[in-house]
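The structure under discussion appears below in the form of structure tokens.
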Amino acid sequence: MICSRLRGLVTVMAVALTFISVGSPVLAFQNEPDGFRRIKWGTDIKDLPDMKPAGKPAPGVRDYLRAGDKMTVGDASVEKITYHFYKGRFCSVSIDYEGWDNFDSLKTTLSELYGQPRRPNQLMEEYNWLGASVSVSIEYSTSSKKGSIVYLYIPILKEWTSDQKDSAKDGAADL
């Protein structure tokens with residue numbers, strides 16, 4: 001599950017960075033969030049005592065679950081909410097859910113809050129909102145009947161991407 005979540009997170013990051021790097025004119029959506037559930041982007045993990053470690057999916061990235069987190073969003077039930085921190089700073093959150101009804105409710109809630117989403121591939125149930133500082137996406141697999149919402153804070157995402165490139169260059173020097 002962590003590997004597939006990380007692959008999904010990296011895919012969303014790549015799409016977000018592609019739009020940012022080509023200077024997409026659609027770099028705003030209504031009500032762009034400055035955090036998630038009263039945790040501001042960039043908040044240090046040390047300032048969040050209710051977070052419990054939940055994994056280390058990539059170098060510098062640590063996952064946490066929040067004690068007592070509400071496992072509903074409007075009428076939808078969610079299975080898991082994972083908070084991602086890079087170098088100890090809050091940079092992303094992923095929300096896992098199951099079932100078409102939950103997907104439909106979550107997509108409606110996000111659309112009402114953030115406006116009309118982009119749908120890059122009409123053959124897939126994937127929708128996203130790309131803002132100046134935050135990317136939000138929702139996806140659903142009709143085969144597994146599972147889906148996720150991912151919020152990414154772009155400034156820290158850019159730092160992570162730069163660090164990954166530097167690490168790859170260092171690794172190439174060893175060949």
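Things worth noting here:
- Among the residues of the stretch 31-79, those identified as in contact with an Asp or Glu (Cβ under 7 Å, 6 or more places away or on another chain), among the hydrophobic types (A, V, I, L, M, F, W, C) and surrounded by 12 or more Cβ atoms within 10 Å (Cβ to Cβ) are W41, A54, V78.
- Pairs meeting the criteria (first residue in the stretch 33-54 and of a type in the set (A, V, I, L, M), second residue exposed (fewer than 15 other Cβ atoms within 10 Å of the Cβ), beta carbons under 6 Å, at least 6 apart or on different chains) are I45/G88.
- D75 being touching a residue at least 24 places away in the same chain (Cβ under 8 Å), within 24 Å of N102 (Cβ to Cβ), touching a helix residue (DSSP H, G or I) at 6+ places or on another chain (Cβ under 9 Å) and not β-branched (V, I, T): yes
- Whether a residue is in contact with a His (Cβ under 9 Å, 6 or more places away or on another chain), over 18 Å from G35 (Cα atoms) and not charged (D, E, K, R) was assessed, and P120 does not pass this test.
- Count - residues of the stretch 86-102 that are touching a residue at least 40 places away in the same chain (Cβ under 8 Å) and either acidic (D, E) or in a helix (DSSP H, G or I) (or both): 4
- The requirement of being among the hydrophobic types (A, V, I, L, M, F, W, C) and surrounded by 15 or more Cβ atoms within 10 Å (Cβ to Cβ) is fulfilled somewhere in the stretch 110-123, by at least one residue.
Values quoted throughout were computed directly from the atomic coordinates according to the rules given, and no laboratory measurement underlies them. The model shown is predicted, which means the values in this text are computed figures rather than measured ones. So basically every Cβ, Gly included, is an ideal-geometry build from the backbone, and we count neighbours across all protein chains shown.
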